[in-house]
1. How big is the charge dipole of segment 404-535 about its Cα centre, in debye rounded to the nearest 20, if each Lys and Arg gets +1 on its Cβ and each Asp and Glu gets -1 on its Cβ?
2. Quote the FRET efficiency, to the nearest 0.05, computed for V288 versus K315 with a Förster distance R0 of 30 Å and r equal to the Cβ-Cβ distance.
3. Each label point is 7 Å from the Cα along the Cα-to-Cβ direction; what then is the distance between the points at Q54 and S359, in nm?
4. Can you give me the C-alpha center-to-center distance between segment 389-434 and segment 67-138, rounded to a whole angstrom?
5. Spin-label point model (7 Å from Cα, Cβ direction): what's the T369 to A246 distance in nm?
6. Suppose R0 equals 25 Å; then what is the FRET efficiency for K334 and R63 from their Cβ-Cβ distance, rounded to the nearest 0.05?
7. Taking the simple approach of a point 7 Å from Cα along Cα-to-Cβ for both N480 and T114, what is their distance in nm?
8. Within a Cβ distance under 13 Å of R440, other residues only, what is the Lys/Arg minus Asp/Glu net charge?
Amino acid sequence: MAQPQSGPGTSRRSFLRNVGLTGGAGTMLATMGALGLAPTAEAAQREQPFRAPQPGDFTLTGRGAAKVVIVGGGIAGLASAYELGKAGYDCTVLEARGRTGGRNFTVRGGDATTDLHGTTQTARFSDGQYMNCGPARIPQWMITLDYCRELGVPIEVFTNVNADAYLFNESAGMKKPVRYRTAKADVYGYVSELLAKATDKGALDKELTATDRERLVEFLKDWGELGDKLTYEGGERRGYTTVPAAAGTPGVLLGDVPSASDVLASGVGRYFSFEFGFDQAMLMFQPVGGMDQIPRALTRAIGEHRIRTGAVVSKITDKGSGVSVTYTQGGRTKVIDADYCVGALPPNILARIPHNLGSGVQSALEAITPSSAAKIGLEYRSRWWELDHHIYGGITETDQDVTHIWHPSYGFHGARGVMIGYYNYGGDADSYAELTPKEREKRAVAAGVKIYGEKYRTELASSFSHHWRQTPHLEAAWHNTPGGPDDVRYKSLNEPTGRVYFAGDWLSYTDAWQHGAFTSARKAVTALHTRVLSA
Ligand code: PHE
């Protein structure tokens, strides 16, 4: 696999490049300008301040809050209802599944799913154990954390990078895994050595002054732990076979420093840039007790009575003076009328719902395509990765079809724990989806045994696998939005068509993050509220 690290971020980087080119400040700026929140275009580009609708907004205008039907009870839909609710809007959320949260989905013992193949799984995790099937990590800069604060959802550190987790590239001939710290010491060491020697031999004389070169070599000696002859010979950064302890036990360094050529051939260096990513850099966070604490808190704040679950939308009709949404619930077809509608379903699902919003909306929805991702949770009878490997949280990266193996960032030193045995995307996720849950477990365990040894199999208590493309009413882990969300072909989704507004991470520059859903919902809410205030 060429880029085991890459998820949806790859395309997002090109979107970001394009923003500068197309100057896509869009509707947000216009609506914020209308509210007097965006004094200059520059300020709006720099950051997009959000002011939640408030009851007081209506006092001088003589206008009242409107009735809004929100299609989809995922993060974007819930956030829309939550924010509009602050100003007294009469919101109703229609959610097709039995619970809110959308792709924010945490599985605990007793939870059951039925996928599109008709396969039902019931999780057998023990008390206190869970797996986040969807979102599982939150960077500090994302507004998801602001919502956690506001809603009183406690958070804890999610360990995204761990020096003691493993790297394993079997296709490069590795017979056993190497610790991150060892791989980093070797890669940084040799790269530093080569650059320092090249500098010394005059290779950079044209680029750098003598002082620059001196400073560069100084840096490389420190960065690569080089000796006086500017050579890398290993060192304590690689780790020990016996760790330093009391007097008499100075420690035994990990032996067998590989050659530069072997280190380059192992390909381990490809994993290091992950932690530099703007959206993946430590520290990262997770809600205590499962990611679904966020939709649960939103659901409570909105009010359960405003949310209809098991409500499958079958038609959206803009009547000019209002919106009519048809849905079935408990075998009965119902219609709800409102002043406005927020369409907060995934685009691949919305595209299948009959509507009268025009062909522009339809072709925009169809241009956005769904992507696959999957996870398997493996519950173990012991936390052997802590006991035997001294790994507390973090991710092991592999060239196997399981791609990422996650150690739990909660329940340290507990009796049991749930590892994520695969978190994979695209074709890898699809190939596991074709298997039965038992076969998935078998294949994932076989890959893990190569890295961790037999306990990966013998300590296993139960497993639960989840595949987003095969999940009813969602059918996607995230989406590919060609050209980025501000591309002109999505104009009818970004600038509401009639009385229907759209919201979702797929209409943001942070697809596959709750931040995208929250910011997109805020944008829709701001536009809707501005319109109601001036209608
Ligand atoms: N947010 C998801 C994750 O962190 C999906 C994603 C992966 C998004 C990689 C960007 C980059 O796993």
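1. I would put it at about 240 debye.
2. 0.15
3. Label-label distance for Q54 and S359, simple model: 4.7 nm.
4. Centre-to-centre distance over Cα atoms comes out at 22 Å.
5. 6.4
6. Taking R0 as 25 Å, the efficiency between K334 and R63 is 0.30.
7. 3.2
8. -3
We did not get these values from a lab; they are worked out from the coordinates using the rules stated. Note that this is a predicted model, so its numbers are computed, not measured. Note that we place each Cβ from the backbone using ideal geometry, even for glycine, and neighbour counts take in every protein chain shown.
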